[in-house]
Amino acid sequence: MDIVANIVGILIILVMVMGVRAKNAPVRLSIPSPDQQAAERDLQEKLAAEQSLRRTVFETAATIKEVEEAKRARYAERSKLALMSSAAEKMIEQHRQQFGAEARADFDRRRRLAELQSQLAGLQDEYDLARRVKPEAVRVESYPTPLSRTVHGHELHLQFRGGRITVLPWDEIIETLKTEFRHSVNHMRTQTELTGKTPPIGGFRIRYTIERHDVSMRAYEQTGAGGSFIRLKQFSLLPVSNRLGEPLEVALAPGSELREVLAREPPGRTTVTAWVYPDSFDEYRRLKKELYQLGYAVAGRPLPKGELIGGSPNGSRSSAE
């Protein structure tokens, strides 16, 4: 009994000591790092996406199953109707064969009449439906009658290229050509043709060719006038940049270069000549509508891609609408 009592006392003392140590022992907290938190969030997002995708797959599979069942049901119903229709046709034909020739003809007429009446009823339903539907209003835009006339008065020249609109300094170009023409007279005494290029004018260089013509002896005998004369053979405008001018939205806005130029050109005495490249036909049509509303006559000159704006004594005048 004493030994047992001692052992029990020792055990109680050990339990108390272990309890005290456990109570005073430091507690270690496991705090995840930011990378671990990000990884856990990424994992949770992927698990949520996987569950959502799984639900979508199950729902789609169920929908496919329903559609397949409905298709089989409709197919069976169609087959049944086709069988019934075939049986009815066969029965009708058997009864028809029992009639005489006159009764059979009357039967065919009645049958055809019933088919036509059914078609008429269908057409009547479509007609009633069409009457109930309100038709959409159609807007018709009116433009001047497209009868062109040759332009002889003042012209305002525009270039439509790359979706941008450039006002061509046509009057300055003509004056510059006249100046170059006068300066080239002395050079033309010793050569029959001269090609030159001017400095930029309004974003364009002028490349020109002047040629000399000698009066023939026959013409001298007929007219009494001899010697030589020079004339402009041709000229072309070389743009110094592909970004000249303004986009259409800017050109139509108040205060734009085009608006300022149009304000100085009266509509009744000015024709707008548009040199249009293939990439700017839409912009030309929109601006043409605006110019019509302002009262300007418009002459369109389409240009192939890569061809330069220019002129020559053998060229044609613009035709305005």
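Do we find a residue being surrounded by 10 or more Cβ atoms within 10 Å (Cβ to Cβ), out of contact with any helix residue (DSSP H, G or I) (no Cβ under 9 Å at 6 or more places or on another chain) and β-branched (Val, Ile, Thr) anywhere in segment 84-92? Within segment 84-92 (the criterion being surrounded by 10 or more Cβ atoms within 10 Å (Cβ to Cβ), out of contact with any helix residue (DSSP H, G or I) (no Cβ under 9 Å at 6 or more places or on another chain) and β-branched (Val, Ile, Thr)), the answer is no, since none of the residues qualifies.
Among the residues of segment 241-296, write down those that are small (Gly, Ala, Ser) and surrounded by 12 or more Cβ atoms within 10 Å (Cβ to Cβ).
Initial filter on segment 241-296 (small (Gly, Ala, Ser)): 241, 245, 251, 253, 255-256, 263, 268, 274, 280, 295.
Those that are small (Gly, Ala, Ser) and surrounded by 12 or more Cβ atoms within 10 Å (Cβ to Cβ): GLY245, ALA251, ALA253, SER256, ALA274, SER280.
For GLU136, the criteria (1) over 46 Å from the mean Cα position of the chain (by Cα); (2) at pLDDT below 85 hold in every case but one, which is (1).
Residue-wise test of (1) closer than 30 Å to HIS213 by Cβ; (2) polar (S, T, N, Q); (3) modelled with pLDDT of 90 or more.
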position	(1), (2), (3)
LYS233	yes, no, no
ASN242	no, yes, no
VAL250	no, no, yes
GLY268	no, no, no
VAL272	no, no, yes
SER280	no, yes, yes
TYR292	no, no, no
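Condition first: surrounded by fewer than 19 Cβ atoms within 10 Å (Cβ to Cβ) and either modelled with pLDDT of 90 or more or within 22 Å of the chain's Cα centre (by Cα) (or both). Now tell me which residues in segment 302-312 satisfy that. Passing the criteria: PRO302, LEU303, PRO304, LYS305, GLU307, LEU308.
When the residues of segment 208-227 are filtered to those that are within 22 Å of ASN186 (Cβ to Cβ) and not in a strand (DSSP E or B), the one that is modelled with the lowest pLDDT is GLY226. Which condition from (1) under 18 Å from HIS154 (Cβ atoms); (2) basic (Lys, Arg); (3) at pLDDT 90 or above is the one that ARG286 breaks? The number of the failed condition is (1). Only one of the numbered conditions (1) at pLDDT 90 or above; (2) in a strand (DSSP E or B); (3) farther than 28 Å from GLY153 by Cα is not met by LEU194, and that is (1).
The values are calculated or read from the model by the stated rules, or taken from the named source; none is laboratory data. Note that the structure is predicted; figures quoted are calculated from it, not measured. Here Cβ is always computed from backbone atoms with ideal geometry, including for glycine, and neighbour counts include all displayed protein chains.
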